[in-house]
Amino acid sequence: MVLLLWLTQVVERTPDECNYQLAGQTLVARQPLAHIEDRFQGPLILLGTQLTGLGAQATSDDGLRRARIGMLVFPLLLLVVAVAWTRAALGARAGLWVAFLAATSPQLLAFGPLLSSDVAYTAVALLAAFLLWRWLRAPGTWTLLAFGGSLGAVAATKYTGLLTCIALLLVVAIATLAKFDAWPSRGGAPRSVPRRWLGAALALVVAGVAALGTLYAAYLFASPPFAGSNATLASSALQAIAKLPLGTSLLALLPEPLVLGIDYQMQVVGQTANGTFGDTRGNHWAYYPVTVLCKTPVVLLLLASLGVVVGLATRRASASRWTWTCALLPPALLLLYCSVSRSLQMGIRYVLPVVPAMWMLAAFVLVQPWPWRRWLSLRSALGVLVVGSSLVNVAVWPHYIGFWNGIAGGAVGGYRLCGDSNSDWNQRFETGRLALQQRHPDLTFLRQGQGPRFGRVAVYVEDLAAVDPRDLTRLHHWLRRFEPFDRDGAAWFAYDITPLAFDRAIAAGDVRAAEDMALAYLAVDDFAAARAALDRGAAVAGATAAALQGTRHLVETMAAAGSDRAQRHAAAIALATVGHYELALAWIDRQVRSDAVRVFWLLVHTGQPREAVAFLDGVGSDGSRTIEEVVFLAAFLCESSRYRPPDPMQALQIMQRGPAPSPDSPWHGPWQQLEARVQAAAKRAQELAGR
C-alpha cells in the first residue's frame with residue numbers, strides 16, 4: 001500500500017480521470033448526472049474520487065493527486081478480501097502467498113493508483129464472491145443481506161459487473177441443484193426439491209432488495225428510478241427488455257443514470273471494428289486470452305496453470321466446498337463473454353478479475369505437500385518466486401501499465417500484439433517523449449500518418465497500429481519491421497533508419513519494404529533512388545514488377561510533374577488516394593479553394609489537428625465557408641486527440657457564424673443534432689473550468 005500511495009503521486013494522468021472527478025463532484029452535490037461522461041461507469045467510483053478529493057479542482061494535478069489517495073480504499077479492499085478468503089479456504093500460509101503475489105502484481109500496481117473503475121470493480125466482485133462462499137457454507141440472514149448488498153456494489157462500479165452478478169446467481173442455482181438449502185431446518189433434515197428452489201428464489205429476492213438499496217445509496221438517493229420509455233433507449237438490448245411484458249417495470253426499479261449508462265455502454269459493446277490485434281484491424285476473439293497470457297508474470301502464470309491441473313487431477317476443490325466455483329466462475333464468464341462477443345477490447349483492465357483468481361490458484365499450489373520438497377527446499381522455491389517477481393517489478397518500474405512478459409517478447413514484442421492501453425494509456429505521451437529527447441536530442445518525433453524517411457526517429461505506440469490503406473482490415477506501419485534501439489516503457493520507441501536497414505528487409509523477402517524505401521526517397525525528391533529501390537524489390541524471389549506497379553506509377557507521376565503547379569496538385573491527389581498523406585500534403589496546392597476540406601483532412605491524418613482547424617477556419621473567413629465545412633469543424637472541435645484537447649466553445653462560435661442550412665435542406669436535421677451536442681459539450685466545458 002505504501003508503494004501504491006507513492007505511485008498515486010507520480011504516475012501521469014489518464015484521459016478518463018478528469019471526467020470521473022467532475023462526475024463525482026456532481027454526484028456529491030446531488031445534482032443530476034446529465035452528461036454522458038457522468039454515466040460512463042457506476043456511482044461507487046465517483047464517490048471514491050471524493051473521499052479525499054472533495055473540493056479539489058478536477059483539472060489540476062494537485063487535485064488529481066488528492067483524489068487518488070481516497071481511491072486506494074479499493075486496492076486495500078481487494079488485498080484484504082483476497083487474503084482473508086484464501087486464508088479461510090486454504091490456510092494461513094496460502095493467505096501470505098496471496099498477499100505477496102498481490103503486492104508484486106504489475107496489474108494492481110498499474111491500475112491501483114488511478115481514478116479508474118477497474119480495481120474497484122475487481123475488489124467488490126471478489127467481495128461478493130467471498131460473501132456468497134460464506135453464505136453457501138453457513139446460510140444466514142445477515143450473510144445473505146451482505147451478499148445482496150455486495151451485488152449492488154458490483155453493479156455500482158462497472159457495468160460489466162452485471163456479468164459478475166449473473167455468474168454469482170448461476171453459482172446459487174448450481175448449489176441448489178447440489179442440494180444446498182438457503183433456509184435449512186433447525187433439525188438439519190433435508191427438504192424437498194421444490195422447497196429448496198422456492199427457498200433459493202426467496203433468498204434471491206431478499207438479496208435483490210439489498211442490492212437495490214445499495215445501488216440507490218451509491219447514488220446518494222438523489223437519482224430517481226428510470227421513468228423513460230422504449231423510445232428513450234438507444235441500444236437494441238434494452239429496447240428489447242423494455243418491450244417485454246414487465247420489462248418497463250423492471251427497468252423502472254433501477255436508478256435512471258444506471259439505466260441510461262448501461263444503454264450507452266451497450267451501444268459501445270456493439271462496436272467491434274475499431275480494435276486491433278496483431279496485424280489485423282477489428283476486434284478478435286483471441287484478444288483477451290492472449291492479453292492475459294502475455295501480461296501476466298510468467299511465474300504466476302505457471303503456478304496458476306499448475307493449480308488448475310492439480311485441482312483437476314486430485315479432484316479436491318480445497319479444504320472447503322464451493323471455493324473454486326465462487327472464485328473462478330465469475331472471472332471465467334467475464335473472459336468468455338468479452339472474447340466471444342469481441343467487445344470492449346481496450347486492455348487487460350476490462351478482465352482484471354481474472355488476476356486475483358490466479359493469485360488464489362498459485363497459493364493453492366504453493367501450500368501443497370509436494371513429495372519433491374524432500375530434495376527441493378521450500379527456501380529455494382521461495383527464492384525463485386521472490387527473485388522472479390522482483391525482477392518483473394524492477395524491469396518495468398514505474399510504467400506498470402506497459403508490462404509485457406517474456407512470452408510476448410517484452411515491451412517491444414507487446415505492441416505487435418496489442419498497441420493500445422495494454423502498452424500505454426496516453427500517460428507517457430508527453431513525458432515519455434521528453435525522456436527520449438533528453439537521451440537522444442537528434443531524434444525526430446513522428447506524428448500519426450507520417451511516412452517513411454531516413455534518420456533517427458521515434459514513434460508513439462498507438463501510431464504503430466496504423467490502418468493499411470490498401471487493406472482496411474489489416475495494419476501497416478513502415479517502422480513495424482524494424483527493431484528499436486531505445487524506448488520509454490512500452491509507450492515510445494526509437495529507431496535508427498538507414499538505407500541498409502531497408503535493404504536487409506528487402507533481402508529477407510519483404511517486398512513492401514522496397515515500396516516504403518522508395519517513399520522515403522520521394523520525401524526528398526530523389527526519384528532515381530526511388531526507382532532503384534523498387535528495382536531491388538522486384539528482384540526478390542517471387543516478386544514481380546506488377547506487385548510494385550502502383551508505387552512505380554506514383555514515382556513517374558511525381559518525377560514528370562516537375563515544378564508544374566497543376567501536375568503537382570494532381571500528383572498530390574493521387575498520393576492522398578492511396579494513403580500517403582504526408583507526401584500528399586507536401587505537394588498539394590493549398591490555394592485551390594475546392595480542395596480546402598481535402599487539405600483539412602490531410603492535416604488531421606498527419607497528426608496536425610490544430611493546423612487543420614486553423615487552415616479550414618481561415619480559408620472560410622472571407623465569407624466562402626460552406627455548410628459542410630462548418631459541420632466538419634464543429635464536429636471535429638468537440639472531439640479530443642493526443643495533439644489537441646476538445647474546444648466546444650470554438651465549435652459553438654463557428655456554428656453561430658454559420659452559414660446554417662435552411663429548414664428544407666438535407667443538412668437541417670444533422671445540423672440540429674450537432675448543435676445540441678455542441679451546446680451540451682460547451683456547457684460541460686464551462687462547468688469543468690469552474691471546478
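Enter the per residue convex hull volume of the range 395-442, computed from alpha-carbon coordinates, in Å³ rounded to the nearest integer.
It comes to 89 Å³ per residue, whole-number rounded.
Kirkwood hydrodynamic radius, the range 540-636, all distinct C-alpha pairs: what's the number in Å?
Its Kirkwood hydrodynamic radius stands at 14.7 Å.
Stokes-Einstein diffusion coefficient for the range 157-200 at 37 °C in a medium of 0.692 mPa s, Rh from the Kirkwood formula over Cα pairs: what value in µm²/s?
Estimated via Stokes-Einstein, D reaches 282 µm²/s.
Dividing the convex hull volume of the Cα atoms of the range 391-471 by its residue count, what figure in Å³ per residue is obtained?
Taking the convex hull of the Cα positions in the range 391-471, it is 115 Å³ per residue.
Given the convex hull over the Cα atoms of the range 403-549, what projected area results after averaging over all orientations, in nm²?
9.3
Starting from the coordinates of the alpha-carbon atoms of the range 30-170, obtain the Kirkwood hydrodynamic radius over all distinct pairs and give the value in Å to one decimal.
So the Kirkwood estimate lands at 16.2 Å.
Where does the range 475-572 land on Rg/Rh, using Cα atoms and the Kirkwood Rh?
So for the range 475-572, dividing Rg by the Kirkwood Rh gives 1.04.
Roughly speaking, to the nearest percent, how much of the chain's 1.4 Å accessible area is carbon and sulfur?
The computed percentage sits at 62.
Distance between the C-alpha centers of the range 487-519 and the range 61-127? Whole Å please.
One Cα centre to the other: 42 Å.
Evaluate the charge dipole of the chain about its Cα centre and quote only its size in Debye, nearest 20, assuming +1 on the Cβ of each Lys and Arg and -1 on the Cβ of each Asp and Glu.
Using Cβ point charges on Lys, Arg, Asp and Glu, the chain gives about 3180 debye.
Explain nothing, just the number: relative contact order of the chain, from Cα pairs under 8 Å at least 6 residues apart, as a whole percent.
Answer for the chain is 10 percent.
Measuring from centroid to centroid over Cα atoms, what is the spacing of the range 629-649 and the range 553-577 in Å?
31
If you take Cα extents along the principal axes in Å from the coordinates, which of (1) 145, 64, 58; (2) 81, 64, 60; (3) 99, 73, 46 do you get?
(3)
From largest to smallest, what semi-axes in whole angstrom does the range 149-304 give when each is the square root of 5 times an eigenvalue of its alpha carbon gyration tensor?
Gyration-tensor ellipsoid for the range 149-304: 33, 27, 15 Å.
With a ≥ b ≥ c taken as the square roots of the eigenvalues of the C-alpha gyration tensor of the range 1-95, please select rounded if a/c is under 1.5 and otherwise prolate if a/b is larger than b/c or oblate if it is not?
Prolate shape, in that a/c is at least 1.5 and a/b is the bigger ratio.
Could you work out the Kirkwood radius for the range 434-481, taking every pair of different alpha carbons, averaging 1/r and inverting it, reported in Å?
11.8
Take the eigenvalues of the Cα gyration tensor for the range 429-511, scale each by 5, and report the square roots as semi-axes in whole Å, largest first.
Semi-axis lengths for the range 429-511 are 22, 17, 10 Å.
Where q = 0.20, 0.25 Å⁻¹, what log10 of I(q)/I(0) comes from the Debye formula for the range 575-632, counting one point per Cα?
At q = 0.20, 0.25 Å⁻¹ the computed log10 ratios are -0.69, -1.03.
Would you please give the residues with an amide H less than 5 Å from that of residue 254, counting only those at least 5 places away or on a separate chain, with H modeled from the backbone geometry?
For residue 254, whose amide H was placed from the backbone, the distant partners under 5 Å are 226.
Relative contact order for the range 196-270: what is it in percent, counting Cα pairs under 8 Å that are at least 6 residues apart?
Over the range 196-270, the number comes to 32 percent.
Which of 548, 302, 327 sits closest to the plus end of the dipole of the chain, meaning its Cα is farthest towards the positive end, when Lys and Arg get +1 and Asp and Glu get -1 on the C-beta?
327
For the Cα atoms of the chain, what angle does the longest principal axis make with the long axis of helix 61-71, in degrees from 0 to 90, nearest 10?
The answer is roughly 30 degrees.
Mind listing the Cα extents of the range 560-691 along all three principal axes, in Å, largest one first?
56, 38, 25
Using a probe radius of 1.4 Å on heavy atoms only, what accessible surface per residue do you get for the range 1-45? Whole Å² is fine.
For the range 1-45, the solvent-accessible area averages 40 Å² per residue.
The values are calculated or read from the model by the stated rules, or taken from the named source; none is laboratory data. Nothing here was measured: the structure is a model prediction, and the numbers come from that model. Please note: Cβ atoms are built from the backbone with ideal geometry, for glycine as well, and neighbour counts cover all protein chains shown. We work out accessible area using only protein heavy atoms, side chains counted, and drop any ligands, DNA or RNA first. Shrake-Rupley method; radii C 1.70, N 1.55, O 1.52, S 1.80 Å.
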